[in-house]
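Notes to accompany the following structure.
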Amino acid sequence: MTPPQRQRRTPGQGTPAQPAAPARKEGEGGNPERLYVVAGPDGERADIDLVTLIVARSPDLPPSATPEQAALLRLCVAPLSVAELSAYLSLPFSVVTVLITELLTAELVQARSPIVRKALPDRSLLEAVMHGLQRL
Amino acid sequence: MDFNGSDTIPGPRAEDQLPHTAQSAVKIVIVGGFGVGKTTMVGSVSEIKPLTTEETMTQAGIGVDDNYGSASKTATTVAMDFGRIRITDELVLYLFGTPGQERFWFLWNGLFEGALGAVVLVDTRRLEVSFDVMGRLEERGVPFVVAVNSFPDAPRYPVADLRAALDLSEVIPIVECDVRRRASSRDVLMTLMRFLHSLAMTGSLT
Ligand SMILES: Nc1nc2c(ncn2[C@@H]2O[C@H](COP(=O)(O)OP(=O)(O)O)[C@@H](O)[C@H]2O)c(=O)[nH]1
Ligand SMILES: [Mg+2]
């Protein structure tokens, strides 16, 4: 029995990489692979990743906090990723990023950026991850 | 959700809270066809009970098949499983298992961008369902390893035949695994990390 045959592709082929593409307005063209776009409220999206760690600057809730903001602030008394906040709040990722942007502007939370892939990966980072996995 | 009763929103258990020293996170994405074992893999290595995040995708075009509604603009919610492993007091690893509809994976802002790499899980009974996603990872320059989740009734091919069929260069690891076992899933992640490490040494993907 022979397996089906694939053909390799190369970087840059097909759809170009498009980091954090903003929501596309209706009627804009584009190739058919990008029919779906993330519905982010206009330009509100801060540079927040699924694994950006969010931590409240103070355990006290400001009286001005909306119920959604208060719920988020209570969750991040200890650092918590945006993905986890989205899961616990049962809110879509893009909605949570808007809430976080408000809280960042009000200086109520701190955001700790993830370490992202670079052209040349950081060897000591990879070694740290391997050590951590070995302990599992 | 009723946020007015938000004192009651369950958060992480006390033992699942990250220390305040947690400075940064890294992520790995697990991709593969429906039922190939992505959710099982996330669950078997995660130190927290796997969670689900979601995103709303808006249909903003024509020519989309009817599954998602024929209205000109339809919101579709895509859910993604993820788990977490504490690496050190400063560093946390997150694992994301992609959902069923492939066409959504690459539209999720920032899911693949910045990921250290990906695991492509394949089932040899339907190898071809992973072809497109491998191609897209290649196009975006996201390094990946291939893990064959061995189901009992699946055909078993020699690795050399799989490599030829998948048109993968010699450097890309192909490993067998049983994602139900933590050690096996952990070994797949180790294989990916070692591969990324070798890329760091040679400075190239090919
Ligand atoms: N026999 C066997 N079953 C598996 C294996 N991995 C997953 N399964 C089962 O296959 C089904 C689909 O797995 P799931 O993780 O939900 O797949 P996903 O759709 O990729 O997330 C589940 O019922 C799993 O228990 C495996 O290695 N061997
Ligand atoms: Mg699943």
Open item on the list: Students often check this: by mean Cβ neighbours within 10 Å, which of B:173-181, A:119-127, B:192-200, A:74-82 ranks highest, and how do the rest follow?
Closed with: A:74-82, B:192-200, B:173-181, A:119-127
TODO: Sort A:Y88, B:Y157 so that the residue with the fewest other Cβ atoms within 10 Å of its own Cβ comes first and the one with the most comes last.
DONE: B:Y157, A:Y88
- [ ] Considering Cα pairs under 8 angstrom that are at least six residues apart, work out the relative contact order of chain B and quote it in whole percent.
- [x] 22 percent
Open item on the list: Can you tell me which of B:T74, B:T191, B:T98 moves the most in a GNM of chain B? Springs connect C-alpha atoms under 10 Å apart.
Closed with: B:T74
- [ ] Could you pull out every whole DSSP H run in chain B that spans at least 27 Å of Cα extent along its own axis and averages -1.0 or higher on the Kyte-Doolittle scale?
- [x] B:182-202
Open item on the list: How would chain B be classified by its alpha-carbon gyration tensor: rounded, prolate or oblate, with rounded meaning a/c under 1.5 and the a/b versus b/c comparison settling the rest?
Closed with: oblate
Task: Relative contact order for the range A:42-112, counting Cα pairs under 8 Å that sit 6 or more residues apart, in percent - done: 45 percent
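Can you tally the net charge around A:L136? Count Lys and Arg as +1, Asp and Glu as -1, for every other residue whose Cβ sits under 11 Å from the Cβ of A:L136. Write down the numbers at each step before the final one.
Details: positive: A:R135, B:R86, B:R182, B:R186; negative: B:E47, B:D187.
Once positives and negatives cancel, what remains is +2.
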- [ ] Return a whole-number percent for the relative contact order of the range B:117-206, with Cα pairs under 8 Å and 6 or more residues apart as the contact set.
- [x] 32 percent
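Laboratory data are not the source of any read-out in this text; all were calculated from the coordinates shown. What you are looking at is a predicted structure, and each value in this text was computed from that prediction instead of being measured. For neighbour counting, all protein chains shown are included, and Cβ atoms are generated from backbone atoms with ideal geometry for every residue, glycine included.
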